[in-house]
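The values are calculated or read from the model by the stated rules, or taken from the named source; none is laboratory data. None of these values were measured; they are calculated from a predicted model. Every residue, glycine among them, receives a Cβ derived from its backbone with ideal geometry; neighbour counts consider all protein chains shown. Only protein heavy atoms, including side chains, enter the accessible area calculation; ligands, DNA and RNA are left aside. Shrake-Rupley method; radii C 1.70, N 1.55, O 1.52, S 1.80 Å.
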Amino acid sequence: MAIAVGVVMHRHSLPRAVALERLRRLATHHGRSLEAECEQLLAAVELLSAPAAP
């Protein structure tokens, strides 16, 4: 969860508490647990940062 909060902090220039609250709101909106929302965010970051296929 800490890494996901850090990603949101960096991407949106937010303090930790605000970034965590944003993740909580997203989790509620998507009907997921906070942990599941963090996992989804990190999976997306990993996918987007992977090298392009030749």
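Looking at the range 1-30, I want the residues that are among the basic types (Lys, Arg) and have a partner that is assigned to a helix (DSSP H, G or I) and open to solvent by 70 Å² or more (accessible area, probe 1.4 Å) with Cβ atoms under 8 Å, at least 6 apart or on another chain. Which pairs are those?
Qualifying pairs under 8 Å: 22/12.
Here is a list: 17, 4. Which entry is assigned to a helix (DSSP H, G or I) and touching a Cys at 6+ places or on another chain (Cβ under 8 Å)? Please lay out each step first, then the result.
Details: 17 fails: touching a Cys at 6+ places or on another chain (Cβ under 8 Å).
Result of the check over 17, 4: 4.
Mind counting the residues in the range 22-41 that are more than 15 Å from residue 2 (Cβ to Cβ) and not hydroxyl-bearing (Ser, Thr, Tyr)?
Step one: of the range 22-41, the residues more than 15 Å from residue 2 (Cβ to Cβ) are 25-33, 36, 40.
Filter once more, keeping what is not hydroxyl-bearing (Ser, Thr, Tyr): 25-27, 29-32, 36, 40.
Counting residues in the range 22-41 that are more than 15 Å from residue 2 (Cβ to Cβ) and not hydroxyl-bearing (Ser, Thr, Tyr) gives 9.
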